[in-house]
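See below for the structure under consideration.
The values are calculated or read from the model by the stated rules, or taken from the named source; none is laboratory data. This is a predicted model, so every value here is computed, not measured. All Cβ positions, even for glycine, are placed from backbone atoms using ideal geometry, and neighbour counts span all protein chains on display. Protein only, heavy atoms only, side chains kept; ligands, DNA and RNA dropped before computing areas. Shrake-Rupley method; radii C 1.70, N 1.55, O 1.52, S 1.80 Å.
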Number of protein chains: 2
Amino acid sequence: MPEDAPPRRRRLPLSEYRDGILAGNRYILARAITLVESTRGADAELAAELLDACLPHTGNARRIGITGVPGAGKSTFLEALGLHLTRERGETVAVLSVDPTSPLSGGSILGDKTRMEQLATDPRAFIRPSPSGGQLGGVARHTRESMLLCEAAGFANIFIETVGVGQSEVTVRSMVDSFLLLMLSGAGDELQGIKRGITELVDVVAVNKADGDNVRAAEKARAELQLALHYLIHANHTWTPRVLTCSARTGDGVHAVWQALLDHRQALTDSGALADQRGRQAGGWMRESLRHSLEEHFHADPRVQAAWPSIEADVLAGRSSPFRAATAVLAIYFRKD
Amino acid sequence: MPEDAPPRRRRLPLSEYRDGILAGNRYILARAITLVESTRGADAELAAELLDACLPHTGNARRIGITGVPGAGKSTFLEALGLHLTRERGETVAVLSVDPTSPLSGGSILGDKTRMEQLATDPRAFIRPSPSGGQLGGVARHTRESMLLCEAAGFANIFIETVGVGQSEVTVRSMVDSFLLLMLSGAGDELQGIKRGITELVDVVAVNKADGDNVRAAEKARAELQLALHYLIHANHTWTPRVLTCSARTGDGVHAVWQALLDHRQALTDSGALADQRGRQAGGWMRESLRHSLEEHFHADPRVQAAWPSIEADVLAGRSSPFRAATAVLAIYFRKD
């Protein structure tokens, strides 16, 4: 009986989502992001229409990625910087997360605990934790769409946070203008080791926890990193990554990190590189969107659905090779009949 | 003029590749891996036939993944363990790499320098550096295929090495039976931080460089990690990851690490989990192979090729949204005409 069905929050009409977002209504924005994250078919269609309606109002925010190993102090840093921006500069701040769920346990790496408690209650701030579960590709797509909704809602600074575990950093790099790496001093050999990987992605590096007994070690790490970056940077770069120290706990140096991020974005804008970079990013997202749709279409094919269980069972049981099986089911999919 | 064309090494006939591999000919094996890594169409067809011919002779090796941050001592460890296996146990060893090329510079993270110099000249060993360039997906596919060729050539122990930067570890985990993490002591907070991410992937952890002044610190790190793993492991696991210390430089503890890997594989075999795991891995590779083929087919469509340049140009220039553009080009691809 419909009367006995558990209460479920209705979807709003498109116009209510759109008008609410464009008016900067954080409650509607949060519900719109939930819509975008939904995996239900009807929601996906409405979400696509909503994104289209919002697109003309996007592109104006500073898009900033932030990464670092767990324990580097990302949340504390974002709280300190976010409060500086909202309270002292009167700016708006949105924080989104790309949290690559563990492929085995489904557990979150960034953690589910409440973080940035002061910033979360600031009327100029909007904090959205990562959806739990899901593949990196899906989380990334939803994060990018959520970012566009935040832009349409008028947020001037959007931070996209991720953990320093590799692929998710490349993903975040593909949706932001500037990328900040938070490090700790005392990483020793590892600090050298990451040079070739991560430093090509970052625009600003901050050695965090430069307070108390740790000030000297942080400064030493900063100098070494700056020197290393100097040798690594290609000649055609318009920007040499800047390395600073800061203490998110005491607030020391946090403003300077923000200034470095502003300087980077200004350099990008002045050289015309910002438009190029955003264009390349959009191209990447088009290809990602294509891949996703091709796979969906394939698995929706009734002939594939009919053949799939026995073909997959043979592979799982070791009776046929993955490559042979893929070839067989593709032949069914592409058969004209 | 053909006479003036630079000399190019001919492809061999299928039977020569197959017979050479099955006879354990390392020279032919190396050429077959080059064939598998080739991106040329005619090579791909021959490579697929060769893999089919070799498949009945695969599945018998110990497949072991090894990861760790740059500087953790992976090469030194593999050289020490490899020489122990070949010289003292008379076993054969193949070492392959999954080296996620930097997406920006195209540079290798594992490095191109000659490594494992002694092992490389051992007649019972086969070392294959990672192909330079290419996306992780392609490198991973080729590495898995190379692993199968090594198995067909009779190698009893196959090590697949990667760097500790995230996604490539998940990829390697998807092709091996056992996974070894090399760590360093003194990683402090970071050591705690990685718990939720990597420890779910690993079966054996070795705290390396446990020599000289570092013995005590390594032992402390080992004890902490073992305790942490004890609390993290799910009740339904048949194996609790084992943590050891070793010094790849002096050789101390390297045999014990090998014994732990043997114990892990024995536990998998006894419980029947090995067959399940290999089945699940094959299922994953079937889906990966499907994704790859769907994309290839899409981009080979003449209607897509005709429409692509202007649609992509509009996206790169910011004139249309990536999602709209993807929808438009998909409509062309799926149009019946």
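Laid out as a table, the results:
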quantity: B:S289 within 21 Å of the chain's Cα centre (by Cα), surrounded by 14 or more Cβ atoms within 10 Å (Cβ to Cβ), modelled with pLDDT under 95 and within 14 Å of another protein chain (Cβ to nearest Cβ); calculated: yes
quantity: Members of the range A:240-253 found to be under 18 Å from A:A223 (Cα atoms) and buried (at least 16 other Cβ atoms within 10 Å of the Cβ), listed by number; calculated: A:P241, A:R242, A:V243, A:L244, A:T245, A:C246, A:S247, A:G253
quantity: Residue under evaluation B:V170, criteria (1) more than 25 Å from B:R124 (Cα to Cα); (2) surrounded by 24 or more Cβ atoms within 10 Å (Cβ to Cβ), criterion not met; calculated: (2)
quantity: Test: residue in the range B:267-283 that is open to solvent by less than 40 Å² (accessible area, probe 1.4 Å), closer than 17 Å to B:V202 by Cβ and more than 14 Å from chain A (Cβ to nearest Cβ); calculated: yes
quantity: Condition check for A:V257: more than 14 Å from every other protein chain (Cβ to nearest Cβ) and either of a type in the set (A, V, I, L, M, F, W, C) or farther than 20 Å from B:L290 by Cβ (or both); calculated: yes
quantity: Out of A:G41, A:G59, sole residue that is loosely packed, with under 15 Cβ neighbours inside 10 Å, more than 20 Å from A:S97 (Cβ to Cβ) and in contact with a helix residue (DSSP H, G or I) (Cβ under 8 Å, 6 or more places away or on another chain); calculated: A:G59
quantity: Answer from B:I127, B:I194, B:I198 - the residue that is modelled with pLDDT under 65 and open to solvent by 20 Å² or more (accessible area, probe 1.4 Å); calculated: B:I194
quantity: Hey, A:A325 within 9 Å of chain B (Cβ to nearest Cβ), farther than 29 Å from A:T171 by Cα, of a type outside the set (D, E) and out of contact with any Ser or Thr (no Cβ under 6 Å at 6 or more places or on another chain) or not; calculated: yes
quantity: Some residue of the range B:98-116 being farther than 25 Å from B:V207 by Cβ, at pLDDT below 80 and crowded, with 19+ Cβ neighbours inside 10 Å; calculated: yes
quantity: Scan of the range B:297-309 for residues that are more than 36 Å from the chain's Cα centre (by Cα) and open to solvent by less than 60 Å² (accessible area, probe 1.4 Å), ordered by number; calculated: B:A307
quantity: Counted residues, the range A:310-320 - those being at the interface with another protein chain (Cβ under 7 Å from one of its Cβ atoms), modelled with pLDDT of 80 or more and either open to solvent by 40 Å² or more (accessible area, probe 1.4 Å) or over 36 Å from the mean Cα position of the chain (by Cα) (or both); calculated: 3
